[in-house]
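The structure appears right after this line, and notes come after that.
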Amino acid sequence: MSVYVADRGVVRIECDMAYTNYRGEGGYYVPCEIEGPVSLGCLAEGLGASGDICAETELLRVCRGGEGKLKVTINVTKCMSRGITPGELAKQLLIIAELCARRATS
């Protein structure tokens, strides 16, 4: 199993990159969790989306999870069709999450 784990300051992301293990209505996806002082509203705003319980873009969906975590599903097919890998998108998401955490703690 391939797991991507990265952190920036107080924010951490963990993704199971073995996407062939995960298939939903939109095809294969990569599940991730974001930990840290990141609000769904701020992350959604950074992604150009909106939502109270979940926020969705063409490439991913972010929902409130338990224990203050955010649950992310990255659509593999749509990422690849845009010329970006799920891992690259996860890295970009981590940067946005870090900016949200800085906003929350300043």
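The values are calculated or read from the model by the stated rules, or taken from the named source; none is laboratory data. For clarity, every value in this text was computed on a predicted model and none was experimentally measured. When we count neighbours, we look across all protein chains shown, and the Cβ atoms used for this are built from the backbone with ideal geometry, even at glycine.
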Check: Would you pick out the residues in the range 47-104 that are part of a helix (DSSP H, G or I) and in contact with a Pro (Cβ under 6 Å, 6 or more places away or on another chain)?
Finding: Val76, Cys79, Ala101, Ala104
Margin query: Looking at the range 15-35 only, could you name the residues that are farther than 12 Å from Leu93 by Cβ and either in a strand (DSSP E or B) or touching a helix residue (DSSP H, G or I) at 6+ places or on another chain (Cβ under 8 Å) (or both)?
Written below: Asp16, Met17, Tyr19, Arg23, Gly24, Gly26, Gly27, Tyr28, Tyr29, Pro31, Glu35
Notebook entry, point to check: Out of all the residues in the range 85-96, which are out of contact with any helix residue (DSSP H, G or I) (no Cβ under 6 Å at 6 or more places or on another chain) and either under 15 Å from Cys42 (Cα atoms) or of a type in the set (Gly, Ala, Ser) (or both)?
Noted result: Gly87, Ala90, Gln92, Leu93, Leu94, Ile95
Next item on the list: Identify all residues within the range 31-42 that are over 18 Å from Asp16 (Cα atoms) and either surrounded by 17 or more Cβ atoms within 10 Å (Cβ to Cβ) or without any contact (Cβ under 8 Å) to a residue 40 or more places away in the chain (or both); write none if there are none.
Entry: Gly36, Val38, Leu40, Gly41, Cys42
Next item on the list: Return only the number of the condition from (1) surrounded by fewer than 15 Cβ atoms within 10 Å (Cβ to Cβ); (2) closer than 26 Å to Ala18 by Cβ; (3) touching a residue at least 12 places away in the same chain (Cβ under 8 Å) that Lys71 does not satisfy.
Entry: (1)
Margin query: Among the residues that make up the range 22-29, is at least one of them free of Cβ contacts under 8 Å to residues at least 40 places away in the same chain and small (Gly, Ala, Ser)?
Written below: no
Next item on the list: Please state which one of Thr20, Thr105, Thr85, Thr73 is among the β-branched types (Val, Ile, Thr), closer than 21 Å to Ser2 by Cβ and modelled with pLDDT under 95.
Entry: Thr20
Margin query: List the residue pairs whose Cβ atoms are under 6 Å apart, where the first residue sits in the range 43-59 and is in contact (Cβ under 8 Å) with a residue 24 or more places away in the chain, the second is assigned to a loop (DSSP other than H, G, I, E, B), and the two are 6 or more positions apart or on different chains.
Written below: Leu47/Thr57
